[in-house]
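I have placed the structure first, in the form of structure tokens, so that the comments after it can refer back to it.
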Amino acid sequence: MFDSISDKFSTVVRTLAGKSKITEKNIQDAVEEIKVALLDADVNLRVVRRFVNGTMEEAMGEKVLKAVDPGQQFVKIVYDRMVALLGDEEHQKLLLKGPDTTSVILMMGLQGSGKTTTASKLAARLKKEGRRPMLVAADLVRPAAILQLKVLGDAIGVPVFSIDGEKNPVKVAKAALALAKKDQRDVLIVDTSGRMHLDETLMDEIKRVSEALKPDETLFVADSMTGQNAVTIAQEFEQKVGITGVVLSKFDSDTRGGAALSLRSVVGKPIKFIGTGEKTEDLEPFHPQRIASRILGMGDVVSLVEKAQETINEQDALKMQEKMAKNTFDLQDYLDQLNRMDKMGSVDQILEMIPGAKGQISEDDIDKKEIKREKAIICSMTYAERTNYRIMGPTRRKRVAAGSGTNVSDVNRMLKKFEKMRLTMKKFAKNKKYQAAMLKQMGM
Ligand SMILES: Nc1nc2c(ncn2[C@@H]2O[C@H](COP(=O)(O)OP(=O)(O)O)[C@@H](O)[C@H]2O)c(=O)[nH]1
Ligand SMILES: [Mg+2]
């Protein structure tokens with residue numbers, strides 16, 4: 001997600017950030033490039049215009065041109081506007097009632113957008129937060145929909161309500177709500193049916209379900225891959241049924257990001273979550289600031305740290321940040337990272353969040369077999385070698401290769417890659433602006 005737009009933005013950012021003096025022409029050029037990048041990313045035309053005009057107007061003022069660090073000021077304007085475009089932190093939370101009543105979340109969206117998957121992801125998330133969710137199979141159109149939800153519910157230990165043979169989703173929804181109240185289930189998550197295209201029958205059906213349940217949250221699930229089209233469909237749902245928030249599914253897909261950048265601004269509803277994979281835990285709260293940083297190529301350090309927290313404790317994470325910054329990251333640290341990586345999801349997801357890692361190290365560099373080999377190599381090293389890889393001469397390399405069941409060329413390759421990685425970290429650690437951005441994101 002955002003690969004191409006992020007590449008372009010970070011070029012603009014890098015070009016301007018270091019300049020001690022910038023001209024109106026510099027700003028015009030930069031804004032023009034931003035405009036092209038946004039349009040390329042399939043961002044809604046009106047949104048692009050507003051963004052570009054606003055940035056231009058603000059940047060042309062004295063504040064930027066006469067500032068001590070004009071480049072930085074400009075980048076800040078772009079960043080702030082990007083954050084504002086994506087939403088605000090306050091409205092990202094689910095609006096649920098307290099645990100002594102039953103809140104209702106209604107899922108809507110086209111077929112295949114990810115409603116059923118998201119419903120179960122939400123249930124798992126809420127359960128983890130101490131809630132008592134119940135899922136409702138009110139998609140009565142797709143033959144296997146009920147079974148799909150049951151399988152997902154089973155896997156996370158959340159009950160799934162359904163009525164065999166029933167064709168009226170309103171009846172199912174009402175019966176489910178009654179049962180949820182009786183069983184003291186505090187959140188009811190209702191999965192509904194979608195069509196390939198918008199149609200009146202679908203809208204009527206969902207509208208009736210909505211009227212019967214009076215949901216606290218009506219979440220529109222938008223497939224990131226549908227780009228601009230997702231915006232049109234969201235507007236339609238908003239007008240006919242009303243939505244309270246958006247979930248952007250398939251955020252992990254390789255798309256340009258236009259939907260993400262347009263939805264909030266055009267539809268006026270907050271993006272509350274993003275789906276980042278097919279697994280139950282692949283649902284993350286949407287943080288405008290972090291996404292904006294990611295787009296601007298600042299790296300999403302906070303998300304990384306947060307994600308890592310489930311497998312590493314906080315202190316370890318901080319230690320790693322510090323080591324990266326101080327350039328004392330050694331092979332032992334690298335080994336620890338490799339061990340954790342397995343538990344943290346895809347390598348690509350992680351790389352995207354480390355400043356500077358993208359483009360320097362690719363998924364191919366770190367395939368699973370390679371990780372296994374690298375672990376074996378490091379494990380065959382002595383402590384002195386792990387903490388100071390520079391002492392690894394030919395004899396040591398030979399010994400380690402034999403000890404780890406690899407070849408000297410494997411050892412050489414691993415050390416070379418590690419050196420490259422350290423250089424990247426150093427480069428970024430030396431760059432005050434990235435450092436500041438990193439620290440700021442970490443709340444320091
Ligand atoms: N990669 C990825 N796949 C997803 C995500 N959300 C849903 N999917 C997949 O998209 C497909 C359709 O999802 P489903 O929940 O059945 O859509 P529904 O028809 O709206 O209920 C399934 O294969 C899901 O595994 C996501 O965030 N990332
Ligand atoms: Mg479904």
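Name the residues in segment 220-276 that are of a type in the set (Phe, Trp, Tyr) and within 17 Å of the chain's Cα centre (by Cα), would you?
If the condition is that a residue be of a type in the set (Phe, Trp, Tyr) and within 17 Å of the chain's Cα centre (by Cα), then Phe251, Phe273 are the ones that fit.
Which residues, taken from segment 216-254, are away from ligand 2 (no atom under 16 Å from the Cβ), of a type in the set (A, V, I, L, M, F, W, C) and part of a strand (DSSP E or B)?
Once the filter is applied, which keeps residues that are away from ligand 2 (no atom under 16 Å from the Cβ), of a type in the set (A, V, I, L, M, F, W, C) and part of a strand (DSSP E or B), segment 216-254 yields Val246, Leu248.
For segment 156-176, does any single residue satisfy the condition of being within 15 Å of ligand 1 (Cβ to nearest atom), under 17 Å from Thr118 (Cα atoms) and open to solvent by 50 Å² or more (accessible area, probe 1.4 Å)?
no
For (1) among the hydrophobic types (A, V, I, L, M, F, W, C); (2) in contact (Cβ under 8 Å) with a residue 24 or more places away in the chain, each residue gets a yes or a no:
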{"position": "Phe2", "(1), (2)": "yes, yes"}
{"position": "Asp7", "(1), (2)": "no, yes"}
{"position": "Ser10", "(1), (2)": "no, yes"}
{"position": "Lys21", "(1), (2)": "no, yes"}
{"position": "Asn26", "(1), (2)": "no, no"}
{"position": "Val31", "(1), (2)": "yes, yes"}
{"position": "Lys35", "(1), (2)": "no, no"}
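I want to confirm something. Restricting to segment 64-80 and keeping residues that are at pLDDT below 80 and open to solvent by 20 Å² or more (accessible area, probe 1.4 Å), which single residue is farthest from Ser10 (Cα to Cα)?
Lys66
Which helices (runs of 4 or more DSSP H) sit wholly inside segment 51-129 and have at least 3 residues that are within 16 Å of ligand 2 (Cβ to nearest atom)?
115-128
Tally time: how many residues in segment 267-288 are more than 8 Å from ligand 1 (Cβ to nearest atom) and crowded, with 19+ Cβ neighbours inside 10 Å?
Of the residues in segment 267-288, 9 are more than 8 Å from ligand 1 (Cβ to nearest atom) and crowded, with 19+ Cβ neighbours inside 10 Å.
I'd like to verify a number: residues in segment 141-172 that are hydrophobic (A, V, I, L, M, F, W, C), within 15 Å of ligand 2 (Cβ to nearest atom), assigned to a helix (DSSP H, G or I) and within 21 Å of Ile206 (Cα to Cα), how many?
Residues in segment 141-172 being hydrophobic (A, V, I, L, M, F, W, C), within 15 Å of ligand 2 (Cβ to nearest atom), assigned to a helix (DSSP H, G or I) and within 21 Å of Ile206 (Cα to Cα): 5 in total.
Only one of these conditions is not met by Ile189: (1) more than 21 Å from Phe286 (Cα to Cα); (2) within 14 Å of ligand 2 (Cβ to nearest atom). Which number is it?
Among (1) more than 21 Å from Phe286 (Cα to Cα); (2) within 14 Å of ligand 2 (Cβ to nearest atom), the lone unmet condition for Ile189 is (1).
The values are calculated or read from the model by the stated rules, or taken from the named source; none is laboratory data. The structure presented is a predicted model; accordingly, all values stated were derived computationally and were not measured. Heads up, the Cβs are rebuilt from the backbone with ideal geometry, glycines too, and the neighbour counts pull from every protein chain shown. When the accessible area is computed, the model is the full protein with side chains, heavy atoms only, and any ligands, DNA or RNA have been set aside. Shrake-Rupley method; radii C 1.70, N 1.55, O 1.52, S 1.80 Å.
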